[in-house]
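Read-outs: derived from the displayed coordinates by stated rules, not from any lab. Note that the structure is predicted; figures quoted are calculated from it, not measured. All Cβ positions, even for glycine, are placed from backbone atoms using ideal geometry, and neighbour counts span all protein chains on display.
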Amino acid sequence: MEELDERKVKILNAIIQNYMETGEPVGSRTISKSSDLNLSSATIRNEMSDLEELGYIVQPHTSAGRIPSDKGYRFYVDHLIAEKDEEISDIKDLMIEKTEKMEKMLKQVVKVLANNTQYATMISAPALSGTKVKFVQLSQVNENQILSVVMMSGNIVKNKLIDVDEPLNSENMLKLNMLLNTNLNGLTVSDINLALISRMKAQAGEFEGIIEQVLQTVAETIGDEEMEIYTSGATNIFKYPELADSQKASEFISAFEEKEELRNLISDIETDGEKTGTGIQVYIGDESPIQTMKDCSVVTATYELGEGVKGTIGIIGPKRMDYKNVMDNLTHLKNQLDQMLKKADET
């Protein structure tokens, strides 16, 4: 690979791409017309002669154009794989950076909301709902493991290590990546039916086990992802005498710390929101699905990242809370989050 300068690489790529399209030997005039090299036919012929001497192309018979040799194909495929690996690495780094930024932003948002309202507040990280597969990338980690990276719409990434009996060569890795992306790109989990799975396994041959584990990863991205919830201001409830009873306060604080009840609450809220089609939900007293919040009011709003990805903001306080102020804060914050997250997703 180090034998070739940039110009030779471009000419070799042009020869290979033309030959793959036409199946005919490629001449210097074809290269000069079909590429953006801006080189004369004579210069291209000289470069082609060098490529032939180096073994990257061959001349099937006198006065004919050139076709790629096995060495030429190997160079092309290795460079293609290297480009894809670099592209995937850049995307993974970007997603990690976005995830860290989003977590920091949501923690700050819920803290500011608690300070502004003087109530307890919560916010759930954007969750998946009917999301689609954007792409899948397999890469060799070591001799016995492959890393599967699944990116869903909303730029949600799921990684999984897959055990293998022996390393996969670059051609097989490329074929599997092409198979996965050709079949899965743009599909939701519900679109991945038994017929598709059987067809993909048949096409994968001896690597059907890898395909099966990747499909499990896609399903897990939706089914097993635990909802992340950030909270703030739980101790604000002590400011209100009707909520300051030691036992009630202890149960309330426990619910905020353990968060399982909050996850159930948000799930119920999202279900109610889908039924009513409204953005803001209000639960007063006994309407709350959480026993420890029967003496409270819960006001929530849903923010959206798009592509089926959404989260919930909630404010919990006494039944005599300032509903207008709470709703104004939620509406303003919801609009800000919608814009910020969509902007972050575009960058």
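Could you give the length gained on full extension between residue 43 and residue 105, defined as 0.36 nm per residue of separation minus the Cα-Cα distance, in nm?
In short, 16.7 nm is gained.
Could you run the Karplus curve 6.51 cos²θ - 1.76 cosθ + 1.60 with θ = phi - 60° over segment 158-174 and give me ³J(HN,Hα) per residue in whole Hz, x for Gly and Pro?
10, 10, 8, 8, 10, 7, 10, 6, 8, x, 8, 6, 4, 5, 5, 5, 5
How would you rank 62, 312, 217, going from fewest to most other Cβ atoms within 10 Å of each one's own Cβ?
62, 217, 312
Can you give the FRET efficiency to the nearest 0.05 for residue 178 and residue 325, using r as the Cβ-Cβ distance and R₀ = 51 Å?
It comes out at approximately 0.35.
To make sure I understand, if each residue's beta carbon is the centre and we count other beta carbons within 10 Å, what order do 295, 5, 328 fall in, fewest to most?
Arranged by neighbour count, lowest to highest, 295, 5, 328 become 5, 328, 295.
Between residue 238 and residue 187, what FRET efficiency comes out of the Förster formula 1/(1 + (r/R0)^6) with R0 = 41 Å and r the beta carbon distance, rounded to 0.05?
The formula returns an efficiency of 0.25 here.
Can you flag which of 111/294; 71/201; 134/259; 107/132; 132/334; 107/294 are past 29 Å Cα-Cα? Walk me through the intermediate numbers first.
Details: 111/294 24 Å; 71/201 31 Å; 134/259 31 Å; 107/132 27 Å; 132/334 24 Å; 107/294 26 Å.
Going by Cα-Cα distance, 71/201; 134/259 fall outside the 29 Å limit.
Would you mind working out the magnitude of the charge dipole of segment 6-78 relative to its Cα centre, with +1 at each Lys and Arg C-beta and -1 at each Asp and Glu C-beta, to the nearest 20 Debye?
140
If packing is taken as the mean number of other Cβ atoms within 10 Å per residue, what is the order of 244-251, 137-144, 48-55, highest first?
Details: 244-251: 12.4, 137-144: 15.0, 48-55: 16.5.
Those peptides, ordered most packed to least, come out 48-55, 137-144, 244-251.
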